[in-house]
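Some notes on the structure that comes next.
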Amino acid sequence: MWSLYWRLVGARIRAQMQYKLSFWLELLGFALTTGLEFSVVAILFTRFPSLGGWHIAEIALLYGLTETSFSLTEMIGRGFDAPFEIMMQRGTFDTVLTRPLDGFFQVLASEFQLRRLGRTAQALAVLGFAFSQLPISWTPAKLLLIPLSVLSGTVIYMGLFIIGATICFWTIKAPEVINAFTFGGNALASYPLSIYNRLIRTVFLFIIPVAFVNYPTALLLLGRSDPYGLPAWSAWAAPLVALIFVSIARGFWHIGVSKYTSAGS
Amino acid sequence: MRLYYEIALRSFRRAATYRSAYIAGLLTNAFFGAVLSFVYLGIYGAGGSVAGLSVHDAVSYVWIMQSLISIGSGWLSGEIMQTIRSGDVVAELSRPWSFYGYWMSRAIGERAFNLLIRGSLTYLIGFLYFDARLPTSDDALAFTAAIILAIVVSFAYSFAVNLSAFWLIDSTGVMLIANITLGFFSGFLLPLAFFPPALAAVARALPFQAMAGLPAQVFLGQLKGAALLWALLLQAFWAVALTALALVVQRAAMRKVVIQGG
């Protein structure tokens with residue numbers, strides 16, 4: 001399955017690389033757009049000392065972690081975005097179902113946007129800035145936590161992308177509301193969870209677990225405690241949370257496929 | 001004139017038809033509004049005033065910006081660009097009306113709807129849950145003038161950027177840069193008052209604040225008397241200048257189309 005995935009995705013990457021100038025411009029564009037986003041936060045912090053006790057380097061840690069995960073999800077998961085929506089509208093999802101291969105896998109392999117690495121590069125630069133400023137006493141466990149956290153975050157955002165696509169089985173058009181949870185979730189996770197009210201904290205910890213993308217990890221790395229009692233060790237639960245969430249999303253996807261009636265055009 | 005009114009009216013109705021689209025848009029705007037409000041509530045902490053803005057002002061500013069997104073203050077629509085890329089633009093160019101006037105009427109109709117329904121409902125959420133400020137009747141009147149000028153400026157800018165597609169086959173990159181510049185220098189992402197002095201001076205010399213920052217300041221009642229008059233005159237100046245620029249770009253583009261043989 002994996003070798004097949006790389007063959008399909010490899011073909012997509014080669015296709016994108018045919019337009020070299022376009023590729024590099026867009027890569028640069030993504031890096032600049034998101035780079036500016038963090039500059040805005042940095043400018044804001046020249047006027048204010050801290051956000052609920054979190055200083056700019058600590059915010060950079062939160063931002064770098066969520067942004068890295070989100071950019072990786074955008075790179076691998078965009079098949080569930082516009083390409084899938086078009087499949088729904090034209091009824092070409094029929095073709096997917098007739099092939100002797102899992103439909104979920106085919107949609108996943110239908111798109112791979114290498115240019116999103118521009119965004120990843122920017123996110124890693126901000127993360128690098130955070131690590132250079134923060135007095136973290138590194139242990140092997142803490143080092144292991146970084147890739148684990150980024151991976152869990154990627155999987156959690158992937159779950160959201162899948163849920164957004166699945167709703168298309170009923171609505172044909174991708175609901176814009178999902179943006180509030182994907183882009184909005186990424187924006188929300190750029191700041192400490194403790195600044196939000198009870199409703200937002202509960203929803204984004206226990207229903208749509210976007211807070212698990214970075215907040216517990218940041219608590220653990222910084223040796224901080226959450227004012228509402230979320231334990232820092234919950235950082236180690238993030239992979240489990242991500243796995244549960246993506247399994248639910250896949251389950252929802254299977255329900256969607258079984259309800260699928262073609263566009264009939 | 002009657003023709004353009006009818007075009008605008010149809011565009012208004014079209015925008016009203018896609019109910020689920022604007023409700024979804026409204027919820028997304030409100031969500032971002034809530035997140036940013038919590039950021040300001042947290043960052044101001046005990047209170048006080050920073051760069052002339054109280055926490056109450058800053059939160060209201062957030063909601064004004066979220067309400068103005070759908071009238072082109074935050075980013076641009078690539079609608080005209082798509083018709084150029086697909087070639088559909090030929091049909092619109094052959095019709096017996098002004099190409100600029102046609103698209104502007106469409107934009108005005110759609111934005112009027114977005115402002116009256118989507119924008120005001122977004123602001124209502126900010127008012128109910130985050131105590132966003134309501135303007136005095138004088139400020140509201142001045143804001144109406146400021147917002148009309150803002151729409152004219154932002155449409156002209158958007159038109160000129162979209163028409164770059166006549167020269168570039170793929171103007172996604174131009175659009176991206178145009179959007180970044182708009183969001184940053186207009187005060188959409190952050191009030192210009194928070195900018196470092198040198199950067200603020202650059203922003204104030206550019207046309208972008210006429211599309212978002214100035215109307216927001218008017219709404220918050222920060223500009224009175226001569227300052228208010230100056231802001232409206234500045235907006236009017238940019239409205240004329242950018243419209244002229246857009247028409248020049250259109251002329252050049254039309255020549256280009258003829259050279260290509262349509």
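What the table below lists for this structure:
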{"item": "Residue-by-residue Karplus 3J(HN,Hα) for segment B:46-57, coefficients 6.51, -1.76, 1.60, Hz, glycine and proline x", "result": "5, x, x, 10, 10, 6, x, 10, 7, 4, 4, 5"}
{"item": "Kirkwood hydrodynamic radius of segment B:5-48, from inverse mean 1/r over distinct Cα pairs, in Å", "result": "13.0"}
{"item": "Surface/4 of the Cα convex hull for chain A, nm²", "result": "15.4"}
{"item": "Per-selection Kirkwood Rh - segment A:83-170 (Cα, Å, 1 d.p.)", "result": "16.3"}
{"item": "Chymotrypsin sites (Phe, Trp or Tyr not before Pro) within segment B:1-64, DSSP loop, no more than 14 other Cβ atoms inside 10 Å", "result": "B:Y18"}
{"item": "23 Å Cα-Cα reach of A:K173 towards lysines, excluding residues that sit fewer than 8 places from it in its own chain", "result": "A:K259"}
{"item": "Percent breakdown of C-alpha pair distances by 20 Å bin, ordered from the shortest bin, for the protein assembly as shown", "result": "20, 54, 25, 1"}
{"item": "Kirkwood estimate for chain B, i.e. one over the average of 1/r between Cα atoms, Å", "result": "19.3"}
{"item": "In nm, spacing of pseudo-spin labels at B:R204 and A:Q133 (7 Å Cα→C-beta vector)", "result": "2.8"}
{"item": "Amide H contacts of B:S171 (H built 1.01 Å from N, under 5 Å, at least 5 apart or other chain)", "result": "none"}
{"item": "Anchor A:K20: aspartates and glutamates whose Cα lies under 14 Å away (excluding residues fewer than 8 positions away in-chain)", "result": "B:D170"}
{"item": "Among A:P227, A:P216, A:P140, residue whose mean-square fluctuation peaks in a GNM of chain A (springs only between Cα atoms under 10 Å)", "result": "A:P140"}
{"item": "Phi to ³J(HN,Hα) by Karplus 6.51 cos²θ - 1.76 cosθ + 1.60 over segment B:30-36, Hz, x for Gly, Pro", "result": "5, 5, 4, x, 5, 4, 5"}
{"item": "Degrees, to the nearest 10: A:20-47 long Cα axis against longest axis of chain A", "result": "30"}
{"item": "For segment A:127-132, Karplus couplings with θ = phi - 60° (6.51, -1.76, 1.60), whole Hz, Gly/Pro x", "result": "4, x, 4, 4, 5, 6"}
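The numbers here are math on the coordinates, done by the rules we state, and not lab data. Values in this document were obtained by computation on a predicted structure and should not be read as measured data. Using ideal geometry, Cβ is built from the backbone for each residue, glycine included, and neighbour counts are taken over all protein chains shown.
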